[in-house]
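Encoded as structure tokens, the structure appears first; notes follow it.
The values are calculated or read from the model by the stated rules, or taken from the named source; none is laboratory data. Everything numeric in this text was worked out from a predicted model, so none of it was measured. Every residue, glycine as well, gets a Cβ built from its backbone with ideal geometry; the counts of neighbours run over all protein chains shown. Side chains are part of the model used for accessible areas, which takes the heavy atoms of the whole protein and leaves out ligands, DNA and RNA. Shrake-Rupley method; radii C 1.70, N 1.55, O 1.52, S 1.80 Å.
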Amino acid sequence: MNIPTSKKPRVIIIGGGFAGIALAKKLRNKNVQVVLLDKHNYHTFQPLLYQVATGGLEAGSIAYPIRKVIQEYKDFYFRLTSVKEIDTVNQKIISEIGDLHYDYLVIATGSKTNYFGNKDIERYSMSMKTIPQSLNIRSLILENFEQAVLIKDEVERSMLINFVIVGAGPTGVELAGALAEMKKAILQKDYPDLDIAKMQINLVQGDGRVLDTMSEKSSAAAEKFLVDLGVKVWKNVRVTNYDGKTVTTNSDLTFETATVIWAAGVQGAKIAGLDSKSLVERIERIRVNQYNQVAGYENIFAIGDIASMETELFPHGHPMMAQPAIQQGKLLGENLIKLINKKPMTAFEYNNKGSMATIGRNLAVVDLPRYHFSGVFAWFVWMLVHLFSLIGFKNKAVVFLNWVYNYIWFDREGRLIIRPFKKKNFNSFTSDEV
């Protein structure tokens with residue numbers, strides 16, 4: 001990897017997401033050599049991926065170069081690669097570009113889409129965890145409408161403009177709301193020769209309410225907002241299969257559609273090499289103690305979505321969201337320095353600052369530790385929190401100006417098919433898959 005030797009302890013961070021970047025900032029100019037590895041050369045602000053997928057923002061607005069984050073950090077290196085395995089015996093990582101020895105290893109690989117073992121759903125549905133995947137969804141949505149204007153058969157046309165989103169967590173709810181707003185204000189102008197009123201947006205949820213990790217008040221408000229926007233919400237319905245044309249469920253309900261977006265679950269993006277006792281198999285997260293040390297290892301740590309820290313309040317680990325990842329990254333930066341200096345580390349305690357989701361224009365729900373509210377004020381709170389959480393002044397400015405423009409003109413100018421994602425028919429992809 002062409003990393004210079006150093007007398008300082010070497011810390012390798014795998015992953016440049018929220019957790020990895022928070023840790024990197026804490027280790028800035030400390031008495032350590034830091035090597036940050038990621039398969040992308042940019043950090044992705046994942047909460048706004050749905051806006052890229054629906055044309056509200058361009059991809060560059062929510063991405064920030066990792067090298068720019070660390071360009072003034074001393075003895076700090078970035079390498080573009082994927083890590084294939086961890087050799088815990090020889091204390092080295094094995095990557096696509098070579099091997100590298102570590103003194104301390106931090107796994108911050110985040111999460112990936114969980115298809116629960118269903119290969120057909122994995123093959124035919126769309127996921128939205130990365131920028132390339134969001135661009136694929138955007139292209140497919142727009143290409144569906146371009147194809148629909150050419151088709152005379154009503155059944156095939158209906159399939160092209162019938163969308164099924166599986167999973168009513170924040171991702172599913174926000175995506176459904178964005179599609180509903182496109183239907184209401186944009187698509188009817190772009191495609192006057194289509195009956196856009198026939199477009200369907202189906203949100204399918206396996207249990208009894210949307211946003212089931214939020215309060216019942218926020219859940220009910222979000223569902224009402226969605227229904228008022230024209231989204232069909234199906235609760236207590238579990239999708240069992242999708243063959244590229246037909247969605248089957250655990251009931252008699254089926255959907256005929258060319259597009260299924262899978263937002264029904266995530267699992268840890270694990271790396272081979274750790275002892276099996278360190279892993280939570282069902283969700284592929286890594287067991288850690290209160291200091292984020294991986295079970296069975298003193299110098300290997302895991303933070304963010306990949307880490308499962310089981311506590312009394314969080315018996316299944318902390319929620320796989322940005323805030324726990326950021327807080328764990330910050331604290332681990334302090335703890336690593338303490339560990340190197342042979343001082344006692346500080347146990348992690350999650351400060352739950354709340355959760356939120358936006359459904360559309362002037363519509364959002366916010367859960368704070370003591371207050372739950374929805375509507376216009378919640379929407380402004382959602383915008384401010386997300387705006388200030390973005391990395392880089394330029395990204396903040398661009399996103400803010402886009403939101404102002406979209407609000408005033410009720411438009412989304414990112415309706416561009418930059419990278420085609422076509423289907424020859426509803427059962428086979430011809431695309432540059434991610």
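Brief remarks on what is shown
- Positions within region 282-302 being within 17 Å of Leu23 (Cβ to Cβ) and either touching a Lys or Arg at 6+ places or on another chain (Cβ under 9 Å) or β-branched (Val, Ile, Thr) (or both), in sequence order: Ile286, Val288, Val294, Ile300, Ala302
- Residues of region 307-361 that are of a type in the set (A, V, I, L, M) and part of a loop (DSSP other than H, G, I, E, B): Met309, Leu313, Met320, Met321, Met345, Ala347.
- In the set Gly268, Gly273, only one residue is more than 26 Å from Thr44 (Cα to Cα), touching an Asp or Glu at 6+ places or on another chain (Cβ under 6 Å) and at pLDDT 95 or above; that residue is Gly273.
- Among residues of region 184-199 that are in contact (Cβ under 8 Å) with a residue 40 or more places away in the chain, those with a Cβ under 7 angstrom from a residue that is assigned to a helix (DSSP H, G or I), sequence gap 6+ or separate chain, pair up as Leu187/Phe145; Leu187/Ile196; Tyr191/Phe145; Leu194/Phe145; Leu194/Ala148; Lys198/Ser158.
- Within region 393-411, if we keep just the residues that are over 20 Å from Ala185 (Cβ atoms) and free of Cβ contacts under 8 Å to residues at least 40 places away in the same chain, the residue that is surrounded by the fewest Cβ atoms within 10 Å (Cβ to Cβ) turns out to be Phe393.
- Selection count where residues are open to solvent by 10 Å² or more (accessible area, probe 1.4 Å), assigned to a helix (DSSP H, G or I) and touching a helix residue (DSSP H, G or I) at 6+ places or on another chain (Cβ under 8 Å), scope region 144-169: 3
- Condition met for Thr249 (open to solvent by less than 20 Å² (accessible area, probe 1.4 Å) and either touching a residue at least 24 places away in the same chain (Cβ under 8 Å) or closer than 30 Å to Ile94 by Cα (or both)): yes
- Check on Ile121, crowded, with 18+ Cβ neighbours inside 10 Å and not in a loop (DSSP other than H, G, I, E, B): yes
- Taking the criterion of being modelled with pLDDT of 95 or more, over 21 Å from the mean Cα position of the chain (by Cα) and of a type in the set (A, V, I, L, M, F, W, C), the residues of region 1-41 that qualify are Ile3, Val11, Ile12, Leu27, Val32, Val34, Val35.
- Complete set of residues in region 256-277 that are under 25 Å from Ala295 (Cα atoms) and in a strand (DSSP E or B): Val266, Gln267, Gly268, Ala272
- Set side by side, the residues Val237, Val173 differ, and just one is outside any helix (DSSP H, G or I), in contact with a Leu (Cβ under 9 Å, 6 or more places away or on another chain) and surrounded by 14 or more Cβ atoms within 10 Å (Cβ to Cβ), which is Val237.
- Positions within region 278-302 being surrounded by 16 or more Cβ atoms within 10 Å (Cβ to Cβ) and part of a loop (DSSP other than H, G, I, E, B), in sequence order: Ile283, Glu284, Tyr291, Asn292, Ala295, Tyr297, Asn299
- Where strands (runs of 3 or more DSSP E) fall entirely within region 1-54, those with at least 3 residues that are within 30 Å of Asp411 (Cα to Cα) are at 42-44.
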